[in-house]
Amino acid sequence: SFQNEINEVPFFDIQLPYELALKIFQYLGKTELGRCAQVSRTWKVLAEDEVLWYRLCQQEGYLLDTSISDHSCWKLALKNCRARERTLKTNWKNRIGAVSQLQYELGKILCDVHSCDGVVIAGYTSGEVRLWDTRTWDYTAPILEPMHGPGDAGPQPHVSFVRINSSLAVAAYEDGTVSVWSLMFGREPIHRYQHNQRIQALALGSEGATVATASGFEVKVESPNDRGFWQTTQTFEIQKLVNFLKLVPDVTGSPVTVAAAEDIVYLLKAEDPGKVLHSVYGQPVTCLDVSAHEAAFGVKTFGWLLNEPNQILLYNLETSQCLKKMGNSMGDFTCVNLQNSPPNMLVTGNKDRRVRVFDLRKSESLCSFYAHQLGVSAVQMDDWKIVSGGEEGLVCVWDQRMGTKLWEMHARHPVRHVWFNSHSLITANIPDDKTPRGASITDDDLTAHRKHRGIIYAYEFSVDQLAVESVLPICRSSYDEVTGYNYNIGLAVPYDNI
């Protein structure tokens, strides 16, 4: 080809070797390369060299796990990635996509929901734990089996908390039991342990295999040893009851836990078991989140300090120094998201109905949205949008730069979980009342009434998945199903495969 014949590239009045000319072109962006390609035939070959476009693709964050030999034309690959991203953004803004409900009637009432990369875990009052993989639309959700002891004949205890990461699922039950399942090895738990009191908080590392639980005045950290046997690696005794518990991500060596117990925030490490990160008597912590190097939490101050309203404090976990005090609101901060936010940003929700975005390099908020009538209960942001959920059951999607609400969805119960990535969104409305009237164990009906149950929604905005997903679930029935959609109707003529 012509490229193979080029050894010398004319650079104004000198001739440069091809490799050296390529090195110079590596400093150019897309627009400049396009202009250079119009100079001459030699420059066009140089400006369309695969190495340059592969690097541009990687710099913009596309196709990161590919090598240069995976595509024949990297310029086209970059163009396609950018077009797909634009389409996704448009779909998000205009709510173009498919929405499905993840329902499980026999679970009775929803207790807790968590998700990781589109895989959703839900725990119910029936004691059952269920998984959905929303990345494949025809996936049937397995029920994770609890580890039954010999005397477990009666009703199962309610599930209090569930957590999931890329390899593990964990559930804590009302009776103080914790079960851990591996997502690779089927439905039987790989580990189980017990607290002798109710569990107040459960944390699972964002990667790897570490589980932390708080019960009474004790925090336990469990993880497998080198041979894969699970054991209690750390136990911490603390002075107060834990309200919030997080494992610090990306820690090498032994796990580090941050626990907020009433008005004290502990940094729990094996080598420094009772380290207090923050403590102001009589000022309880109202929400907590951690990233690899920082912890952010809301602090509630009381009436006698009128000049110091409620704030978000940001601490460095290595130095244990308070880096920033942000916001001054009359309402309590109810939720904070630091780990999933863009660099140097965090987003918070407050009882005063506002969602606020903070830049960690400044103290005042970048933007503030008047969002939810009864207070904000869940938030997440990326570089252009914010998704917030409220106690009144509303999920709102905001355009951060424009400061406008793009759309909203309502369901009956408070929004307790919000998670999204570039193309999908998962929200969960979880009832506060777990034992509504008429839903006792003595009732003949195994399922609770729909209005009591709570609901999980999965939205998909990517065009590739819409064709199948937009077929309603009722139309996806096959001959081997005799019950209709949602209501237990015995169909005389079951639906054909559509």
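The values are calculated or read from the model by the stated rules, or taken from the named source; none is laboratory data. Quantities reported herein were computed from a predicted structural model and do not represent experimental measurements. A quick note on method: Cβ atoms are made from the backbone with ideal geometry, for glycine too, and the neighbour counts reach across all protein chains shown. With ligands, DNA and RNA removed, areas are computed over all heavy atoms of the protein, side chains included. Shrake-Rupley method; radii C 1.70, N 1.55, O 1.52, S 1.80 Å.
Values for this structure:
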{"item": "Qualifying residue in region 400-410 (condition: open to solvent by 60 Å² or more (accessible area, probe 1.4 Å), in a strand (DSSP E or B), more than 21 Å from residue 325 (Cα to Cα) and touching a residue at least 60 places away in the same chain (Cβ under 8 Å))", "result": "no"}
{"item": "Residue within region 244-251 that is within 18 Å of residue 314 (Cβ to Cβ) and either part of a strand (DSSP E or B) or hydroxyl-bearing (Ser, Thr, Tyr) (or both) present", "result": "yes"}
{"item": "Meets criteria (surrounded by fewer than 14 Cβ atoms within 10 Å (Cβ to Cβ), assigned by the TED database to the domain that holds residue 377 and under 18 Å from residue 243 (Cβ atoms)) for residue 333", "result": "no"}
{"item": "Pairs, first in contact (Cβ under 8 Å) with a residue 40 or more places away in the chain in region 290-303, second open to solvent by 10 Å² or more (accessible area, probe 1.4 Å) and among the aromatic types (Phe, Trp, Tyr), C-beta under 6 Å, six or more apart", "result": "295/315"}
{"item": "Matching residues, region 407-427, being under 14 Å from residue 335 (Cβ atoms) and not hydroxyl-bearing (Ser, Thr, Tyr)", "result": "414, 415, 416, 417, 418, 419"}
{"item": "Flag if residue 327 is at pLDDT below 95 and touching a Phe, Trp or Tyr at 6+ places or on another chain (Cβ under 9 Å)", "result": "yes"}
{"item": "Candidate set: region 82-110, residues that are in contact with an Asp or Glu (Cβ under 9 Å, 6 or more places away or on another chain) and closer than 16 Å to residue 413 by Cα; chosen: the one surrounded by the fewest Cβ atoms within 10 Å (Cβ to Cβ)", "result": "109"}
{"item": "Sole exception among (1) open to solvent by less than 50 Å² (accessible area, probe 1.4 Å); (2) of a type in the set (S, T, N, Q); (3) touching a Ser or Thr at 6+ places or on another chain (Cβ under 7 Å) for residue 233, by number", "result": "(1)"}
{"item": "Those residues of region 46-62 which are in a helix (DSSP H, G or I) and either basic (Lys, Arg) or open to solvent by 30 Å² or more (accessible area, probe 1.4 Å) (or both), in sequence order", "result": "50, 51, 54, 55, 58, 59"}
{"item": "Residues that are free of Cβ contacts under 8 Å to residues at least 60 places away in the same chain and of a type outside the set (A, V, I, L, M), drawn from region 278-289", "result": "278, 279, 281, 282, 283, 284, 286, 289"}
{"item": "Within region 340-364, considering residues that are closer than 13 Å to residue 314 by Cα and polar (S, T, N, Q), the one surrounded by the most Cβ atoms within 10 Å (Cβ to Cβ)", "result": "348"}
{"item": "Region 375-384, residues that are open to solvent by less than 10 Å² (accessible area, probe 1.4 Å) and either at positive phi or more than 15 Å from the chain's Cα centre (by Cα) (or both)", "result": "375, 376"}
{"item": "Scope region 236-276; condition surrounded by 15 or more Cβ atoms within 10 Å (Cβ to Cβ) and either in contact with a Ser or Thr (Cβ under 6 Å, 6 or more places away or on another chain) or not assigned by the TED database to the domain that holds residue 213 (or both); matching residues", "result": "247, 249, 255, 264, 268"}
{"item": "Filter result for the condition that a residue is in contact with a helix residue (DSSP H, G or I) (Cβ under 8 Å, 6 or more places away or on another chain), at pLDDT below 90 and not aliphatic (A, V, I, L, M), over 7, 91", "result": "7"}
{"item": "Looking only at region 320-364, and only at residues there that are in a strand (DSSP E or B) and among the small types (Gly, Ala, Ser), the one that is nearest to residue 390 (Cα to Cα)", "result": "349"}
